[in-house]
Amino acid sequence: MLGISSCLAGIACRYDGNHNEIKQIKDYLADHEAVLICPEVLGEMSTPRTPAEIVGGDGFDVWQEEARVIDKNGQDVTESFKQGAIRAYERLEKQQITELILKERSPSCGSKKIYDGTFSGTKINGVGVATAYFINHGIKIYSEESQLEGVLNGN
């Protein structure tokens, strides 16, 4: 069984109250079970919520206390992001999930690119807070920009 970012399955949990539904994932879920997660919602953040970005590094740096997650209003939301990652991992572990499809560029779920913390739309190489936690706990991560057909078919 796979784990999947809730927004990719059509659940309106993005910061702006929308979703990032991908038809291929929605079709897969019609015939397969999966564990849907949104670390930000599990971190008790509202939907919608003020956009946030990692400042000073990426998700690995957040866990090392070298970077913070700051929202566009300047509020430090790092602890909510960390708690959401931990709660998401607990759900995944309970279901023995070892592979996840996560939303690229998210400050929680990005797996290759995230925004640089300036709210300018500039992307940098790096991972989100939850992704770093999942990787550190041995979960294999794919983004929705991966070759989904192979991931969804177990290849």
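Quick note: the coordinates plus some simple rules give every number you see, no bench work behind them. Please read these numbers as outputs of a predicted model, since none were measured by experiment. Backbone-built Cβ (ideal geometry, glycine too); neighbour counts: all protein chains shown.
In plain terms, the chain from Lys140 to Lys123 could stretch by 3.9 nm, reckoned as 0.36 nm per residue minus the Cα-Cα distance.
Here the sum of -39500 (n - 2.57) over DSSP H runs of 4 or more residues, divided by the residues of the chain, equals -8500 deg cm²/dmol at 222 nm, to the nearest 500.
Ranked for footprinting exposure by Cβ neighbours inside 10 Å, fewest first, Thr131, Thr122 give Thr122, Thr131.
When +1 charges are put on Lys and Arg Cβ atoms and -1 charges on Asp and Glu Cβ atoms, the dipole computed for the chain relative to its Cα centre reaches about 120 debye. On full extension, the segment bounded by Arg91 and Trp63 gains 8.1 nm, given 0.36 nm per residue less the C-alpha separation. Considering only Asn18, Thr50, Thr98, the residue lying farthest towards the positive end of the dipole of the range 1-115 is Asn18, judged by Cα position with unit charges set on Cβ. Give the separation of the Cα centroids, the range 1-73 to the range 103-129, in Å. Spelled out, the Cα-based centre of one part sits 12 Å from the other. Size descriptors for the range 63-148: radius of gyration and Dmax over Cα atoms are 13.0, 38 Å. Which net charge results when you count Lys and Arg as +1 and Asp and Glu as -1 among the other residues whose beta-carbon is under 12 Å from that of Lys72? Result for the local shell: -2.
The computed Cα extents along the principal axes in Å for the structure shown corresponds, within (1) 44, 43, 23; (2) 68, 40, 23; (3) 43, 29, 26, to (3).
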